[in-house]
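Colleague: Below you will find the structure I want to go over with you.
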Amino acid sequence: MNDSRRIKDLLYEQVARIGKAACSPKRLELIELLCQGEKTVDALAREAAMSMKLTSAHLRELRAARLVETEKHGKYVIYRIANRAVADFWVAIRSLAEDRLVELRLVIEQMVSHPKELAPQDRDSLVKMARKGDVVVLDVRPSDEFLAAHLPFARSIPLDELKLRLSELPKGKTVVAYCRGPYCLMARDAVELLRKKGYDALRLPEGVAEWGIAPVR
């Protein structure tokens, strides 16, 4: 084998490390969760419905590919995405899958019973309306994720607190709820609750990763 062939093989082998690290559905979910903010192994295991042992194993693979970083806080190990490019990678690979896989599009369609449930995705217009107070952008993720990063002019009411805090939302304005992205169901559940209570509510399928504001130190 000549030297140029050896170098090319080495280059592709190194790039393939990213694909190998991301080949697990659960690792992709962990990346999406870390796009919301840094988390402990315990929190990630709980959110991804996995055992601590399996979660740690998946995180080791992501760390070996330099997709996530760690920091020790006392007895806890905190994980975070390595940089903003990791969030961009997650959005890009998800978007490619949605473009190429009919099966995936069918599943996504089942998540929304009617197209009018979705808010228009013209970001500039949404930000302008939120700035003027014409709409309420509602972040229904856990409060620690909101503090790590959130959409412009959003206010935080976690989904598990929403029913008790409805009085904080004006009924005369459209509420646009969002959560972790298109595969997250918290915003859908929030819209369903709000509509039952008489609010004009829409779901924004995008989250901080899609808007390019995923938290990175």
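Colleague: Look at region 163-217 and say how many of its residues are within 14 Å of residue 119 (Cβ to Cβ), without any contact (Cβ under 8 Å) to a residue 60 or more places away in the chain, of a type in the set (Lys, Arg) and not in a loop (DSSP other than H, G, I, E, B).
Modeller: Adding up the residues that qualify gives 1.
Colleague: Would you please list the contacts, defined by Cβ atoms under 8 Å and residues six or more apart or on different chains, that run from a residue in region 83-106 that is closer than 19 Å to residue 17 by Cβ to a residue that is open to solvent by 60 Å² or more (accessible area, probe 1.4 Å) and small (Gly, Ala, Ser)?
Modeller: Partner pairs satisfying both residue conditions: none exist.
Colleague: Also, quick follow-up: Give the number of residues within region 77-90 that are closer than 14 Å to residue 44 by Cα and either of a type in the set (A, V, I, L, M) or exposed (fewer than 13 other Cβ atoms within 10 Å of the Cβ) (or both).
Modeller: 3
Colleague: Hey, another quick one. Applying the selection to region 91-110, what residues are of a type in the set (Val, Ile, Thr) and either closer than 23 Å to residue 43 by Cβ or within 14 Å of the chain's Cα centre (by Cα) (or both)?
Modeller: Hits for region 91-110 are 91, 93.
Colleague: For region 66-86, does any single residue satisfy the condition of being in contact with a helix residue (DSSP H, G or I) (Cβ under 6 Å, 6 or more places away or on another chain) and either assigned to a helix (DSSP H, G or I) or closer than 16 Å to residue 181 by Cα (or both)?
Modeller: So far as region 66-86 goes, no, none of its residues is in contact with a helix residue (DSSP H, G or I) (Cβ under 6 Å, 6 or more places away or on another chain) and either assigned to a helix (DSSP H, G or I) or closer than 16 Å to residue 181 by Cα (or both).
Colleague: Which one of 131, 123 is without any contact (Cβ under 8 Å) to a residue 24 or more places away in the chain and open to solvent by 20 Å² or more (accessible area, probe 1.4 Å)?
Modeller: One residue alone meets the criteria, 131.
Colleague: Of all residues in region 16-40 being β-branched (Val, Ile, Thr) and surrounded by fewer than 17 Cβ atoms within 10 Å (Cβ to Cβ), which is nearest to the chain's Cα centre (by Cα)?
Modeller: Checked region 16-40; the qualifying residue nearest to the chain's Cα centre (by Cα) is 40.
Colleague: Just give me the residues in region 5-59 being more than 15 Å from residue 91 (Cα to Cα), charged (D, E, K, R) and part of a helix (DSSP H, G or I), in sequence order.
Modeller: Once the filter is applied, which keeps residues that are more than 15 Å from residue 91 (Cα to Cα), charged (D, E, K, R) and part of a helix (DSSP H, G or I), region 5-59 yields 5, 6, 8, 9, 13, 17, 20, 26, 42, 46, 47, 53.
Colleague: Are any residues in region 140-161 basic (Lys, Arg) and farther than 21 Å from residue 80 by Cα, and if so, which ones?
Modeller: Step one: list which residues in region 140-161 are basic (Lys, Arg), which gives 141, 155.
Result: 155, single match.
Colleague: Could you please give the count of residues in region 142-180 that are open to solvent by 80 Å² or more (accessible area, probe 1.4 Å) and among the hydrophobic types (A, V, I, L, M, F, W, C)?
Modeller: Result for region 142-180: 3.
Colleague: Please enumerate the residues belonging to region 41-62 that are over 14 Å from residue 24 (Cβ atoms) and surrounded by 15 or more Cβ atoms within 10 Å (Cβ to Cβ).
Modeller: 41, 43, 45, 47, listed by residue number.
Colleague: Condition check: more than 24 Å from residue 210 (Cβ to Cβ) and among the aliphatic types (A, V, I, L, M). Does residue 64 satisfy that?
Modeller: Taking the combined requirement at face value, the residue satisfies it.
The values are calculated or read from the model by the stated rules, or taken from the named source; none is laboratory data. Because the structure is a prediction, the values reported are computed rather than measured. For neighbour counting, all protein chains shown are included, and Cβ atoms are generated from backbone atoms with ideal geometry for every residue, glycine included. Accessible surface is based on the protein model in full, side chains and every heavy atom, while ligands, DNA and RNA are left aside. Shrake-Rupley method; radii C 1.70, N 1.55, O 1.52, S 1.80 Å.
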